[in-house]
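*Asks:* Here you go, one structure.
Since every read-out is calculated from the coordinates, none of them should be taken as a lab result. Note that the structure is predicted; figures quoted are calculated from it, not measured. All Cβ positions, even for glycine, are placed from backbone atoms using ideal geometry, and neighbour counts span all protein chains on display.
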Amino acid sequence: MARSPSPYRVLALDLDGTLLTDDLRITERSRDAIRRARARGVAVLLASARPPRAMLRYHRPLELDTPLVTYNGALVWDAAAGKPLFHEPLVRDAARALVAFLRRRDPALNISLECSDRWYIDDLTEEVRRAIERYEVDPPHGVACLEQVLADEAEAISKVLFRGTMKTVEELLASLPPDLAERLHITTSGDWFCEVMAAGATKAAAIEWTAAHLGLGAGAVIAMGDSPNDIPMLQAAALGVAWATPLPWSPRRPT
């Protein structure tokens with residue numbers, strides 16, 4: 001007997017803390033659930049704070065043919081062609097002003113810039129080396145070169161990244177000049193990193209764009225996530241599922 005089609009058109013899955021186990025693997029049970037969703041005509045999207053290069057290791061084994069929603073929605077990446085489909089980078093003078101503000105606030109802060117699928121960082125510390133090993137990602141494309149990158153008009157800055165918590169985000173929003181803060185979307189992935197994208201660059205907006213790109217219109221979305229950077233897509237989804245980790249918000253009731 002043929003399976004009936006799903007009332008949902010899109011299943012958007014966060015990676016770390018949601019689809020992935022603590023040892024950064026996808027269980028066979030999850031793989032089977034994804035296969036069954038696809039068999040019912042559901043488009044499965046991976047939506048993460050990660051860059052494209054750190055998502056492909058999960059996208060390929062799942063045999064997905066959908067684009068990657070990366071950098072919390074700032075970049076939608078064509079996994080097959082290896083190029084952007086949609087990109088909402090930070091306005092350059094806002095990125096420069098933010099980095100200058102962060103340096104004044106904490107000169108020891110180790111800041112990263114993610115530019116499309118390239119990564120630049122202030123310092124390749126032992127902590128960063130351990131993270132590269134744990135997450136099995138390529139090393140930075142440049143070290144101690146942020147000012148040059150910020151001055152390079154050819155580099156579109158997708159995201160600014162540094163260590164911090166939700167408390168850091170709250171403090172930043174309270175202390176940033178209002179005209180700068182309104183140009184930024186500041187959030188966290190877990191309780192480890194502060195992530196800064198252009199205002200309006202969210203997983204929710206990128207999923208909506210991708211659904212339209214795939215010809216799914218405004219079809220009903222199931223979204224699953226566990227961290228503050230997932231809040232926009234959980235609130236916008238027809239069915240938002242907040243994974244295990246408690247979140248400092250009350251999700252909209254499913255409709």
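*Asks:* In degrees between 0 and 90, to the nearest 10, how far off the longest principal axis of the chain does helix 126-135 point, with axes built from Cα atoms?
*Replies:* Its long axis makes an angle of about 10 degrees.
*Asks:* In addition: Please give the FRET efficiency for D23 paired with A154, using the beta carbon to beta carbon distance and R0 = 41 Å, rounded to the nearest 0.05.
*Replies:* Numbers: r = 38 Å, r/R0 = 0.93.
So the FRET efficiency works out to roughly 0.60.
*Asks:* Continuing with this model, one more query. Which lysines have a Cα lying under 26 Å from the Cα of K167, excluding residues fewer than 8 positions away in the same chain?
*Replies:* Answer for K167, where 26 Å is the Cα cut-off: K159, K203, listed by chain and number.
*Asks:* Rounded to the nearest 5, what % of DSSP beta bridges with both residues in the chain are antiparallel?
*Replies:* On the way: 24 of 39 bridges.
Antiparallel: roughly 60 percent of the beta bridges in the chain.
*Asks:* A further question on this structure: In units of 2.2 N^0.38 Å, what is the alpha-carbon radius of gyration of segment 92-198?
*Replies:* Working: Rg = 13.3 Å, N = 107, 2.2 N^0.38 = 13.0 Å.
After normalising by residue count via 2.2 N^0.38 Å, the value is 1.03.
*Asks:* Can you run phi through the Karplus equation (6.51, -1.76, 1.60; θ = phi - 60°) for segment 197-213 and list ³J(HN,Hα) in whole Hz, with x for Gly and Pro?
*Replies:* 10, 5, 4, x, 7, 9, 4, 4, 5, 5, 5, 4, 4, 5, 4, 5, 4
*Asks:* OK, next. What three numbers, in Å, describe the spread of the alpha carbons of the chain along their principal axes, ordered from the longest?
*Replies:* Result for the chain: principal-axis Cα extents of 64, 34, 32 Å.
*Asks:* For the chain, calculate the relative contact order in percent as a whole number, restricting contacts to Cα pairs under 8 Å that are 6 or more residues apart. Kindly include the intermediate steps, with their values, before the conclusion.
*Replies:* On the way: 471 pairs, mean separation 52.0, N = 255.
Result for the chain is 20 percent.
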